[in-house]
Amino acid sequence: MQETGSNIEWLKKKLPPVVKLVAVSKNMPPEDIIAVYNTGHRCFGENRVQELLRKKDFLPPDIEWHLIGHLQRNKVKYIASFISMIQSVDSLKLLGTINEEALKNDRVIDCLLQVHIAEEETKFGFDMDELKDILAGEEPWKYSNIRICGLMGMSTFTDNIEQVRQEFRSLFNFFTSLKKDVFVNCEYFKEISMGMSGDYEIAIEEGSTMIRIGSLIFEE
Ligand SMILES: *Cc1c(COP(=O)(O)O)cnc(C)c1O
């Protein structure tokens, strides 16, 4: 598809170079992913393990895959050998499982901790207080085969852009406080993954380092 490749090129021209773009290819067939790949883009995100596994073998091996959707612990083993980043870590148990599977594969897997910032109850993620308590414990620091590279969050689905801005701002402030008090001198704790097709501009204004864009890239 001609359009698919041109959409991402248009988007990339608008983005500050420090913001990393994850092209969210969920529901898209391999042909469309290849069209984007052929523009030189390498970083793609999928939200379901089964779909990722189904498509992956039809696609070039140098794609950097990010898992961005809710992940069940019994599925970690299927992606541990190749996944570049798991952005949707929402429990300490899941983090432990990722560590075990990474160990079996002799890898270190980069993770983001998903924080619940939206008003909807349905969105996954840690509450900030809960996450602070977990990070104050010893358990997550025993995991030798994961790296906690930052936070991920999704805003409420609403037309109220002030609300979206406040939610992104709260994630940025939380990141900053963890950086100062918990991940002191940790050079890889640096990512704030926030912003999708409808709200990435606000997210970037509020300090996003990584945006996850699907429809703007893949739809005409
Ligand atoms: C689908 C999805 C996106 C991309 O959404 P668009 O609105 O299509 O850009 C980003 N993040 C997550 C977690 C998603 O599930």
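The values are calculated or read from the model by the stated rules, or taken from the named source; none is laboratory data. For clarity, every value in this text was computed on a predicted model and none was experimentally measured. Glycine also receives a Cβ, built like all others from the backbone with ideal geometry; neighbour counts cover every protein chain displayed.
Miscellaneous remarks
- Residue within region 94-111 that is within 16 Å of the ligand (Cβ to nearest atom) and crowded, with 23+ Cβ neighbours inside 10 Å present: yes
- If the condition is being buried (at least 19 other Cβ atoms within 10 Å of the Cβ) and more than 16 Å from the ligand (Cβ to nearest atom), then region 64-79 contributes only Val76.
- Candidates Ile217, Ile202: the one that is crowded, with 22+ Cβ neighbours inside 10 Å and not hydroxyl-bearing (Ser, Thr, Tyr) is Ile217.
- Glu162, sole failed condition from (1) among the acidic types (Asp, Glu); (2) more than 16 Å from the ligand (Cβ to nearest atom); (3) touching a helix residue (DSSP H, G or I) at 6+ places or on another chain (Cβ under 9 Å): (3)
- Looking only at residues of region 5-40 that are away from the ligand (no atom under 15 Å from the Cβ) and within 19 Å of Met85 (Cβ to Cβ), we find that the one that is surrounded by the most Cβ atoms within 10 Å (Cβ to Cβ) is Tyr37.
- Residue within region 98-120 that is of a type in the set (S, T, N, Q), under 18 Å from the mean Cα position of the chain (by Cα) and modelled with pLDDT under 95 present: no
- Filter result (out of contact with any helix residue (DSSP H, G or I) (no Cβ under 6 Å at 6 or more places or on another chain) and of a type in the set (A, V, I, L, M, F, W, C)) within region 20-43: Leu21, Val22, Val24, Ile33, Ile34, Cys43
- Members of region 179-220 found to be among the aliphatic types (A, V, I, L, M), near the ligand (Cβ under 8 Å from one of its atoms) and part of a loop (DSSP other than H, G, I, E, B), listed by number: Met196
- Residues considered: Phe157, Phe126, Phe168, Phe82. Of these, the only one that is among the aromatic types (Phe, Trp, Tyr), touching a helix residue (DSSP H, G or I) at 6+ places or on another chain (Cβ under 8 Å), within 16 Å of the ligand (Cβ to nearest atom) and closer than 26 Å to Leu52 by Cα is Phe126.
- So Leu131, is it within 16 Å of the ligand (Cβ to nearest atom) and either more than 13 Å from Ile202 (Cα to Cα) or at pLDDT 95 or above (or both): no
- Within region 173-187, the presence of a residue that is free of Cβ contacts under 8 Å to residues at least 60 places away in the same chain and within 30 Å of Asp32 (Cβ to Cβ) is excluded.
- In summary, helices (runs of 4 or more DSSP H) completely within region 20-118 and bearing 3 or more residues that are not β-branched (Val, Ile, Thr) occur at 30-37, 49-56, 92-104.
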